[in-house]
Amino acid sequence: MPVTANEHGLPGHLVDFVAALRTHGVSVGPGETVDAAEVLGALDLLRREELREGLAAALLRRSGQREVFDALFELYWPAALGAGSGQVHVPRIEGEDPDTPDGPVDVDALREILADLLRDGDTDALRALARAVVDALGQAGASGTGIRGSSAQPSWSAYQALRVISPETLLASIMNGLRQPDDSDFTDEMRRREIRDRIAQFRKMVTDEVRRRTAEQRGREQVAKTAVPKQAEQVEFLSAYAEQLTLLRRTVHPLARRLAARLAVRRKHAKRGTLDMRRTLRRSMSTGGVPMKPAYRKRRPGRPELVILCDVSGSVAGFSHFTLLLVQALREQFSKVRVFAFVEKTDEVTHLFEPGAELSGVMQRVLREADLTAFDGHSDYGGALGSFAEFYGEAITSKSSVLILGDARTNYRDPNLAVLRRLISQARHAHWLNPEPRRQWGSGDSAALRYADVMPMHECRTAGQLADVVEALLPV
Amino acid sequence: MNAIQPPLFGSVDEVTERLAAVGYLANTAVATTVYLADRLGKPLLVEGPAGVGKTELAKAVAQATDAGLVRLQCYEGIDEARALYEWNHAKQLLRITAGQGHESWDATRDDVFSEEFLLPRPLLTAIRRDEPTVLLIDEMDKADVEVEGLLLEVLSDYQVSIPEMGTVTATRKPFALLTSNSTRELSEALKRRCLFLHLDFPDADLERRIVLSRVPELTEKLTDALVRTVRVLRAMELRKAPSVAETIDWGRTLLALGMDTLDDDAVRATLGVVLKHQSDQVKATAELHLN
């Protein structure tokens, strides 16, 4: 079994754990490691939850790091080895051969047990069941049919386990079981949400358990490398799935507030302008030509204007969604923000981003209400830039900063560089944020490199990168 | 500094018990970090959404340990003179005028920069106290970055340097607790000196117990319905998720209105108690089929 004790004992193990945290982007300094060691000394190591919280208190510095921490904690300080002693037994179909009690798993009976537990919401029992299910299905072979693969090694897969049980499909039957004749829509909806929540919990339990068992078999370093979730800020926009996007959306507001706070600081520091020679000399007249009090130029607190052009086609959905939300949160920093969305044509969507508007539904409204397509609904940067120049060209003035968001994949159509060049020459600043990795720019139908010749283009794959870019860019 | 300062708590369980005795129900995370902060002698940085009981925690610790609570409320523009100490200029002037003519300058100078003319502010007060003390630095994120620098000396060495008088060192380490709503990132230097606790909304069971302990007149059944509804509301993406304080308010409201079940009508009528934004109310009403 690859899970072996560290040769340096407990301190060595702690250092390994800290190293794993570092590889996942949680910056832990030696000082924190020493704190964690003190925590180990002060706590009763047999009480696992206290140990978890204690280590978290010493090692973490931000709430977004907790998920990574929890996943790694499960790997490095597992609650049990092997299947553990569960009180829940997985029902099996009686085999013809009475010598092997481990017949195929009786999926229907199993689903019934799960349905009962989900209805009652007994978290501990659910966790025990997740453990038993993963064990039984892993031992029994891929699909729970009892046929083992060619290797005698059991294999654990969250995907397969969840597909066999498919807990989502239980929702309707549980709801039916609970329904009473005089229930209102409200009670119904409440119940549905609660049960959906519990199903999501169960899924997570199965995933965690699979991660733990696999770690025992293949070594925790291996699993830590691949199966531990990323911090929200490091998730790539283009490959994020629904759950991560929700998480990302939650990080938008703190992120925007952080940016806003930093911008405010920078503005405060830049309060004093350069020396005003003319006024200084004139003032010196009253003191006999000796410049006692120098006069400074006053900075005009002119708040910058922002024009945003955003590709909202399917290929960059995750990215544009997130960015627009960030833009909305940043609105209060700018005197004037105008937001335009485009696919084949460009249309103004500023009115959808009023302060206080419902954040999560904005994207659907953009796609539904704005006039964005002409022929086939594939993005056409040339056409979009053309229609923007034609209808909204006056939006760009010498005071405005232009931000273009998109992957610059034009489907082999004309990139219309001439129009872009003209638009940019009118603006004060112009920047392009591209969610694709730099090495893919210019490949296939991407016109990224050609656009990059015209205006500065920044790689912007994760929320962290986006924050850096925006902070560096925003004119103050 | 007194090296053998006895710890306030003997075990994590004891923390839970003693906090519960003064009406603060703590989960494992809270109890463990409070225990560790005391044991390791480090300040505790508590971060989390508004209304989860960050400030309450400091008050509860003070009450449970019979310590005095010294509170520094941070705000934008708070400075040394408000946080650490200040010289009482008016009194100093008076003293100089009174001594004029029959006292040498050296004597006067030494005298006006003495204890008598010092106005201690919360941080210095907490350091100088001989009795057990809980130092609460509230809403740290509201203060400017410069104030963090000021805190570093206080929080790591528990001492304050006054150029005219010398260094004041704590005779007894206060239990320091900082809170933050994370409207901005605190500096790494400050965070490194603290234990970190992210205080989130409590789980269903704990919240039920909290509500029942605060509003004992509520029936179990109604409390259960309340907590369940609030949790569903929190799972929605709202501009401001309802906090524990609002759950308690909601319970009181229902009690005052004499409602004993939380059905559609009751929720519709009292939703304003938990959701304070118009857009949130509209959204919740639509998603929960209340109209």
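Remark: pairs (first residue in the range B:273-288, away from chain A (no Cβ under 12 Å); second residue in a loop (DSSP other than H, G, I, E, B) and crowded, with 17+ Cβ neighbours inside 10 Å; Cβ separation under 8 Å; 6+ apart in sequence or on different chains) = B:Val274/B:Pro242; B:Leu275/B:Leu238; B:Leu275/B:Pro242. Applying a threshold of 6 Å to beta carbon distances and a minimum spacing of six or more residues, or different chains, the list of pairs starting in the range A:46-67 at a residue that is touching a residue at least 40 places away in the same chain (Cβ under 8 Å) and at the interface with another protein chain (Cβ under 7 Å from one of its Cβ atoms) and ending at one that is in a helix (DSSP H, G or I) and surrounded by fewer than 21 Cβ atoms within 10 Å (Cβ to Cβ) is empty. Elements of the type strands (runs of 3 or more DSSP E) sitting completely within the range A:262-349 and holding at least 2 residues that are modelled with pLDDT under 80 and in contact with a strand residue (DSSP E or B) (Cβ under 8 Å, 6 or more places away or on another chain): these cover A:272-275, A:296-298.
For the range B:34-59, taking the residues that are of a type in the set (A, V, I, L, M, F, W, C) and more than 29 Å from A:Val34 (Cα to Cα), the one that is modelled with the highest pLDDT is identified as B:Val52.
Show me the strands (runs of 3 or more DSSP E) entirely contained within the range B:18-118 in which 2 or more residues are farther than 18 Å from B:Arg128 by Cα and touching a residue at least 40 places away in the same chain (Cβ under 8 Å).
Numbers: elements: B:44-47, B:68-73, B:85-87.
Per the criteria, B:44-47.
Number of residues in the range A:173-196 that are touching a residue at least 24 places away in the same chain (Cβ under 8 Å) and within 10 Å of chain B (Cβ to nearest Cβ): the value is 2.
Among the residues of the range A:465-474, those that are buried (at least 17 other Cβ atoms within 10 Å of the Cβ) and outside any loop (DSSP other than H, G, I, E, B) comprise A:Gln465, A:Leu466, A:Ala467, A:Val470.
To keep it simple, each residue is scored yes or no on (1) within 14 Å of another protein chain (Cβ to nearest Cβ); (2) within 19 Å of B:Gln159 (Cα to Cα).
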residue	(1), (2)
B:Leu25	no, no
B:Ala31	yes, no
B:Val34	yes, no
B:Asp38	yes, yes
B:Lys59	no, no
B:Ala64	no, no
B:Lys91	no, no
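For the range A:156-172, residues that are surrounded by 19 or more Cβ atoms within 10 Å (Cβ to Cβ) and part of a loop (DSSP other than H, G, I, E, B) total 1.
All of (1) in contact with a Leu (Cβ under 8 Å, 6 or more places away or on another chain); (2) within 13 Å of another protein chain (Cβ to nearest Cβ); (3) at pLDDT 85 or above hold for B:Leu238 with one exception: (3). Annotation note: Cβ proximity below 6 Å between a residue of the range B:216-232 that is at pLDDT 90 or above and surrounded by fewer than 19 Cβ atoms within 10 Å (Cβ to Cβ) and a residue that is aromatic (Phe, Trp, Tyr) and not in a helix (DSSP H, G or I) (sequence gap 6+ or interchain) occurs for no pair. Among the residues of the range A:404-430, count how many are more than 14 Å from A:Tyr381 (Cα to Cα) and outside any helix (DSSP H, G or I). Residues in the range A:404-430 being more than 14 Å from A:Tyr381 (Cα to Cα) and outside any helix (DSSP H, G or I): 4 in total. Screening the candidates A:Arg179, A:Arg198, A:Arg218, A:Arg250 for the property of being within 25 Å of B:Asp203 (Cα to Cα), modelled with pLDDT of 70 or more and not β-branched (Val, Ile, Thr) yields one hit, A:Arg198. B:Met140 fulfils the conditions (1) within 18 Å of the chain's Cα centre (by Cα); (2) surrounded by fewer than 21 Cβ atoms within 10 Å (Cβ to Cβ) except for a single criterion, (2). Give the residues of the range B:165-201 that are over 18 Å from B:Thr125 (Cβ atoms), more than 11 Å from chain A (Cβ to nearest Cβ) and surrounded by fewer than 22 Cβ atoms within 10 Å (Cβ to Cβ), sorted by residue number. Within the range B:165-201, just B:Phe201 meets the criteria. Residues of the range A:24-45 being surrounded by fewer than 14 Cβ atoms within 10 Å (Cβ to Cβ) and either within 12 Å of chain B (Cβ to nearest Cβ) or of a type in the set (Ser, Thr, Tyr) (or both), which ones? Once the filter is applied, which keeps residues that are surrounded by fewer than 14 Cβ atoms within 10 Å (Cβ to Cβ) and either within 12 Å of chain B (Cβ to nearest Cβ) or of a type in the set (Ser, Thr, Tyr) (or both), the range A:24-45 yields A:Ser27, A:Pro30, A:Gly31, A:Val34, A:Gly41, A:Asp44.
Could you pull out the residue among B:Val227, B:Val215, B:Val211, B:Val244 that is of a type outside the set (Ser, Thr, Tyr), out of contact with any strand residue (DSSP E or B) (no Cβ under 8 Å at 6 or more places or on another chain) and within 14 Å of chain A (Cβ to nearest Cβ)?
Numbers: B:Val215 fails: within 14 Å of chain A (Cβ to nearest Cβ); B:Val211 fails: within 14 Å of chain A (Cβ to nearest Cβ); B:Val244 fails: within 14 Å of chain A (Cβ to nearest Cβ).
Criteria check complete, one pass: B:Val227.
Scanning the range B:6-23 for residues that are at pLDDT below 90, away from chain A (no Cβ under 14 Å) and surrounded by 14 or more Cβ atoms within 10 Å (Cβ to Cβ) yields a single hit, B:Gly23.
The values are calculated or read from the model by the stated rules, or taken from the named source; none is laboratory data. Note that the coordinates shown come from a computational prediction; the quantities given were computed from them, not determined experimentally. Because the Cβ atoms are built from the backbone with ideal geometry, glycine has one as well, and the counts that use them run over all protein chains shown.
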